[in-house]
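Here, each number is a calculation from the coordinates, and none is a lab measurement. The structure presented is a predicted model; accordingly, all values stated were derived computationally and were not measured. Because the Cβ atoms are built from the backbone with ideal geometry, glycine has one as well, and the counts that use them run over all protein chains shown.
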């Protein structure tokens, strides 16, 4: 103890000052990011944001939270738009009716007829159009102020939509070929040599009965989750840098704001692209179910 005490004193008896770590030391970057993302700095978004607290009926199967409200609002808006356009339809369409007709023609021509053919695809136009517009609207609510969360960013809704497609293409294949012939065409493709079946049939079974619906749901949800986290991170950082940071750090807010606006535009493109991918893959699966050879 005496040695320690003598080491802490100078010749004049005063304790020598303890050197503070230099900003150029190896721990300076860790200290900066610890401050930035710590309890007194910027708190980034997390997956917990996708599970908002219940508003009504907490802990029951009827639990109602913010994302449920967003889904109801999105569905009501979609139905309302079509109701109003149908009620005011004219031979010479106005601007709103023209936009709706462009969307309907896009799905009918660019998706259904291109993939399934005009005659065979006719019976699936209504289903695939409904699917495309539903996915699109549920995706786009993620960029609307005060909603700010895509209805498809929680896996439940994408699973329901994927199961809808799954049951329809299984039903279409069974209706077209009968149960046993459909299974034979799906699991034992006629154009493949018989000795390949031990390797190919398990893969085909996994693909038809599991991977197709699973990848439809996961792809849609993952893209919407990623977009939500990017946008929230940028605008949360903007708020932090503008109103809580000091000095030159406030200027970084302009960068995060620009990035947030850019990601918002990019999210619109992703919403359109994911609706198109979901719909065209559904058309492909339906076409494969009803054709003679896969």
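Per-residue ellipticity at 222 nm from helix content only, as computed over the chain with -39500 (n - 2.57) for each DSSP H run of at least four residues, stands at -20500 deg cm²/dmol.
Kirkwood's formula applied to the C-alpha pairs of segment 75-152 gives a hydrodynamic radius of 13.8 angstrom. The relative contact order of the chain, computed from alpha carbon pairs under 8 Å that lie at least 6 residues apart in sequence, is 21 percent. The listed peptides 45-57, 260-272, 157-169, 277-289, ordered by packing as a protection proxy, come out as 277-289, 157-169, 260-272, 45-57 (highest mean of other Cβ atoms within 10 Å first). Rounded, prolate or oblate for the chain? Axes are the square roots of the Cα gyration tensor eigenvalues, ordered a ≥ b ≥ c, and the cut-off for rounded is a/c under 1.5. Because a/c hits 1.5 or more and a/b exceeds b/c, the chain counts as prolate.
With a simple spin-label model that places each label point 7 Å from the Cα along the Cα-to-Cβ direction, the separation between residue 292 and residue 114 comes to 2.7 nm. With a Förster radius of 30 Å applied to the C-beta separation of residue 222 and residue 91, the computed FRET efficiency comes to 0.10. The length gained on full extension between residue 106 and residue 83, counted as 0.36 nm times the residue separation minus their Cα-Cα distance, comes to 6.3 nm.
In this simple spin-label approximation, residue 273 and residue 196 carry label points 7 Å from Cα along the Cα→Cβ vector, and these lie 3.2 nm apart.
Working out 0.36 nm times the residue gap between residue 188 and residue 73, then minus their Cα-Cα distance, what length gain in nm do you get to one decimal? Can you show the working numbers first?
Numbers: separation 115, 0.36 × 115 = 41.40 nm, distance 4.53 nm.
Gain in length upon complete extension: 36.9 nm.
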